[in-house]
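The values are calculated or read from the model by the stated rules, or taken from the named source; none is laboratory data. Here the structure is a predicted model, which is why all the values come from computation and not from measurement. Methodologically, a virtual Cβ is constructed for each residue, glycine included, from the backbone with ideal geometry; neighbour enumeration extends over all protein chains shown.
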Amino acid sequence: MAPELVEAFPPGDFLTEELEARHWSQNDFAQILGRPAQFVSEIISGKKEITRESAAQIGAAIGTGPEYWLNLQNSYLLWSQSQNDSIRKDLDDVRLRARMNELAPVSLLLKRGVLTGQSLAEQANELVDLFQIDHIEDTPRFLAAARRSNRDEGPTPTQKAWLACARKHAQRIQTSEYDPARLQRLAEQLSRLVLDPEKFATLPAVFSAVGVRLVYVEAFPGSKLNGASFLLDGDTQQPVIALSGRGKRLDMVLFTLLHEVAHLVLGHVSPERIVIDEESSDEPAEKAADEKAGQWQIPGGLPTPPLAVRRGWIESNAQRIGIHPVVVLGKLQRDKALDYRTAMAKGAPTVNTYLELWA
């Protein structure tokens, strides 16, 4: 709620005092200004507002700057407006909508069905529930540990909303006790496990068995988020990995998942740090997670590729390792041994349909 404005008085009251001090009548003053007597009468009675032109004339006659009279007029109008209950409610609604959009992109959440309230008050209450705060003006403690991987700043409102949705989904999941050693063994097997893209649908249960809550929240436009990893409510035994499905292709989503696992295994995630992964980053922790994810994604690694990589080379190595060919293709593209526009990527399997089943 905005602070109350100090009561202001009509500029005509001040003008009356100035005329009395000079022993001028309203007619005298009108003659000085070169204006009709009605003009002065209406300013003094408040029926006419002081404009820039009249402020300049009054200031010239009284010996003050025009700003003085304009400020008197504006202060009185603003104070009068603040006393109107309808206007006050409209302004309170504007302030509430501004605060809500500081927290999250409200129009997007309405479009996605995250917010369903018909009134502004209902939508504000839904945001309070989503961010698990007591009041709309509160700062979500959960997000205090969030830092973006490619810059030293907090998340955007769109990213805040995505993270809040991910946490809400994660809180509904029951898991076994977290076992870091089993998680690492799972990461080492994961590429082979999803040789059939349909196996992506089973991953939440697989990760739950090692104590990790795996959730999918479809990417919000403009968020640039690939994924995130965090500890649920600061409990070191409740790690969460959230994916946005950006990239859609099996190998891209798999790499993001392994990247988030690497953050957990390497100890980058703590109650004081939520890892938010956007684009590639030169930050040491991100480079270390990329390296570990790359090792897991291609168990045993690949031989040095030929100068001209053919589909047969990709397929034979994929078969030897026991992984999907697009995983080998993606590795070559990340290493710039193949262009991202290569025709061999045509028809590559996507997994978002399976991610949607995680709910």
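The combined condition, being over 19 Å from Val275 (Cβ atoms) and surrounded by 21 or more Cβ atoms within 10 Å (Cβ to Cβ), is not fulfilled by Ser244. Here the condition is being under 30 Å from Thr158 (Cα atoms), out of contact with any Phe, Trp or Tyr (no Cβ under 7 Å at 6 or more places or on another chain) and not β-branched (Val, Ile, Thr); of Leu91, Leu108, Leu103, Leu78, it holds for Leu91 alone. Screening Cys165 with (1) over 22 Å from Lys292 (Cβ atoms); (2) not in a helix (DSSP H, G or I) gives one miss only, at (2).
Residue-by-condition table, conditions (1) under 30 Å from Arg97 (Cα atoms); (2) aromatic (Phe, Trp, Tyr); (3) modelled with pLDDT under 95:
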| site | (1), (2), (3) |
| --- | --- |
| Met1 | yes, no, yes |
| Glu4 | yes, no, yes |
| Glu7 | yes, no, yes |
| Gln38 | no, no, no |
| Ser41 | no, no, no |
| Lys47 | no, no, yes |
| Gly63 | no, no, yes |
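Restricted to segment 57-67, and to residues that are closer than 21 Å to Ala8 by Cβ and either of a type outside the set (Gly, Ala, Ser) or surrounded by 14 or more Cβ atoms within 10 Å (Cβ to Cβ) (or both), which residue is nearest to the chain's Cα centre (by Cα)? Of everything passing the filter in segment 57-67, Glu67 is nearest to the chain's Cα centre (by Cα). Residues in segment 289-308 that are crowded, with 17+ Cβ neighbours inside 10 Å and under 20 Å from Ala345 (Cα atoms): Gly294, Gln297, Ile298, Leu302, Pro305. Looking across Ala318, Ala289, one residue alone is small (Gly, Ala, Ser), in the same structural domain as Arg167 (by TED's automatic domain parsing) and over 26 Å from Ala359 (Cβ atoms). It is Ala289. For segment 72-92, the condition holds for no residue, the condition being that it is touching a Leu at 6+ places or on another chain (Cβ under 8 Å), of a type in the set (A, V, I, L, M) and farther than 30 Å from Ile136 by Cβ. For segment 292-315, how many residues are outside the structural domain of Leu243 (by TED's automatic domain parsing) and basic (Lys, Arg)? The qualifying residues number 2. None of Ala308, Ala337, Ala345 is at pLDDT below 95, in contact with a Leu (Cβ under 7 Å, 6 or more places away or on another chain) and over 30 Å from Arg141 (Cβ atoms) except Ala345. Is it true that Pro140 is in contact with a Phe, Trp or Tyr (Cβ under 8 Å, 6 or more places away or on another chain), at pLDDT 95 or above and either over 19 Å from Gln171 (Cα atoms) or not β-branched (Val, Ile, Thr) (or both)? When the stated conditions are applied, Pro140 does not pass them. Listed by first and then second residue, the pairs linking a residue in segment 310-323 that is of a type in the set (D, E, K, R) to a residue that is part of a helix (DSSP H, G or I), with Cβ atoms under 6 Å apart and 6 or more places separating them unless they lie on different chains, are Arg311/Met344; Glu315/Pro325. Return yes or no: is Asp129 outside any helix (DSSP H, G or I) and surrounded by fewer than 14 Cβ atoms within 10 Å (Cβ to Cβ)? In short, no. Evaluating Thr353 against the criteria (1) surrounded by fewer than 19 Cβ atoms within 10 Å (Cβ to Cβ); (2) not assigned by TED's automatic domain parsing to the domain that holds Thr202 leaves one unmet condition, (2). Within segment 179-188, does at least one residue satisfy the condition of being touching a residue at least 60 places away in the same chain (Cβ under 8 Å), surrounded by 16 or more Cβ atoms within 10 Å (Cβ to Cβ) and within 29 Å of Arg112 (Cβ to Cβ)? The answer is no; no qualifying residue exists. Could you tell me whether segment 232-242 includes any residue that is out of contact with any Gly (no Cβ under 7 Å at 6 or more places or on another chain) and over 22 Å from Ala285 (Cβ atoms)? Yes.
List every residue pair whose Cβ atoms sit under 6 Å apart, with the two residues 6 or more apart in sequence or on different chains, where the first one lies in segment 29-44 and is surrounded by fewer than 17 Cβ atoms within 10 Å (Cβ to Cβ) and the second, anywhere, is not small (Gly, Ala, Ser) and not in a helix (DSSP H, G or I). So the pair list comes out as Glu42/Lys48. Of the numbered criteria (1) over 21 Å from Leu163 (Cα atoms); (2) basic (Lys, Arg); (3) assigned by TED's automatic domain parsing to the domain that holds Arg182; (4) surrounded by 13 or more Cβ atoms within 10 Å (Cβ to Cβ), the one Arg273 fails is (1). Among the residues here, Thr158 qualifies as assigned to a helix (DSSP H, G or I), among the β-branched types (Val, Ile, Thr) and in contact (Cβ under 8 Å) with a residue 60 or more places away in the chain.
Is it the case that Arg320 is farther than 24 Å from Gln184 by Cβ and out of contact with any Asp or Glu (no Cβ under 6 Å at 6 or more places or on another chain)? It is false that Arg320 is farther than 24 Å from Gln184 by Cβ and out of contact with any Asp or Glu (no Cβ under 6 Å at 6 or more places or on another chain).
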